[in-house]
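What follows is a single structure, written as structure tokens, with notes after it.
The values are calculated or read from the model by the stated rules, or taken from the named source; none is laboratory data. Here the structure is a predicted model, which means the values were calculated and not measured. Here Cβ is always computed from backbone atoms with ideal geometry, including for glycine, and neighbour counts include all displayed protein chains. Accessible surface areas use protein heavy atoms only, side chains included; no ligands, DNA or RNA. Shrake-Rupley method; radii C 1.70, N 1.55, O 1.52, S 1.80 Å.
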Amino acid sequence: MTIFGRTTVPTINGPLAVLHLRIGAASLTNYRLDSPGGVIRLATRLDLSNIDLYTTTFTARIAVPGTSLGLLPLTLTPALLPVSLPTGVPVPLLSATDLTYDQPLIVGGPIRLTGWRIDITSPAPSP
């Protein structure tokens, strides 16, 4: 992963401050997409490569090298980084658990789903 700093993306409500991260390659399991209308859960392995992720919050628990134990919490937000970095700051190869991020914009690909099943649920109606 490479961190390029803070930027803005246009939205229907005006510019949104986001982090610009480039992900060379990642494999995600138990991927879940939450939206105001419900939850879409992909029971799949999601493999990403050459992705530019623009996100308002990026949170993970970094695993101790050689284990799958996510012990070191990491949270990145646009407020924590300068407007732009002169060059991208590479982050060493990491393994993480409990990865969450807002997803206003993803550019790039390919994105590959392996052995997928989709479950869609709606929130309970308001009384």
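GLY37 passes all but one of (1) open to solvent by less than 60 Å² (accessible area, probe 1.4 Å); (2) at pLDDT 75 or above; which number fails?
(2)
Counting only residues that are surrounded by fewer than 14 Cβ atoms within 10 Å (Cβ to Cβ) and hydrophobic (A, V, I, L, M, F, W, C), which one in the stretch 44-90 is modelled with the lowest pLDDT?
Across the stretch 44-90, the extreme among qualifying residues is LEU69.
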